[in-house]
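Everything on this sheet refers to the single structure shown next.
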Amino acid sequence: MPTRKKPTKKPTRKGGRLLATGGYPAWRTDSPPTDRDLDKWRATRAGRGIPARQFADLRATAARDRAAAHTEPTTKRRPTIGADPLDALVPPRAERRRQEREADRQQAAGDQRRRADALVAAKAAPARPAPAPPKVRATFHLPREVLDAARDAAVALSGPPVRLTLAHLAEIALRREVARLGREHHGGKPFPTRGADLKGGRPIKGT
């Protein structure tokens with residue numbers, strides 16, 4: 001009984017790529033087979049079972065697939081992380097200049113506002129009293145009872161509201177007495193400035 005020859009299945013296209021059911025594994029790759037690969041496969045047992053016409057169709061289909069792979073437009077890859085993360089840290093030159101101008105404007109406005117506030121505060125603040133004239137130390141002798149009475153008054157009035165001190169009491173007394181002497185002996189005007197320091201010793205006797 002003659003053996004019946006098993007029919008060979010035709011190659012099929014799947015997913016835009018040529019697949020052969022005859023056992024050629026290279027067609028399961030992403031790229032179509034070349035003519036050289038087809039010739040090698042033709043010499044195998046699986047390739048010898050395909051008629052010449054089908055093999056010619058197979059070669060033409062592979063050539064069309066290769067041509068389509070070369071002319072197929074490549075799609076632009078989308079960035080996986082979006083925009084450049086350095087743009088947030090180092091902005092473009094134009095944006096950086098705009099930010100610098102804005103920072104300078106805000107700084108100038110802040111300086112002008114601070115100067116205006118300082119001027120208003122200076123006008124609203126009360127005038128400072130004139131500094132007191134410097135004081136010097138004076139030493140002279142007084143009767144004990146006069147000094148004791150002055151000390152008693154200073155101690156009694158040392159608290160608020162008078163807050164009297166012995167030095168202040170002596171200053172008040174001297175000012176009033178000098179003013180009285182000026183009124184009586186110099187027409188109410190201050191005495192002329194002395195040309196030399198006052199000499200100590202006994203009082204000058206009248207002639």
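Looking at segment 119-137, which of the residues that are modelled with pLDDT of 85 or more and over 44 Å from the mean Cα position of the chain (by Cα) is farthest from LEU198 (Cα to Cα)? In this case the residue turns out to be PRO134.
All of ALA132, ALA179 fail the test of being surrounded by 10 or more Cβ atoms within 10 Å (Cβ to Cβ) and among the hydrophobic types (A, V, I, L, M, F, W, C), apart from ALA179.
The values are calculated or read from the model by the stated rules, or taken from the named source; none is laboratory data. What you are looking at is a predicted structure, and each value in this text was computed from that prediction instead of being measured. A quick note on method: Cβ atoms are made from the backbone with ideal geometry, for glycine too, and the neighbour counts reach across all protein chains shown.
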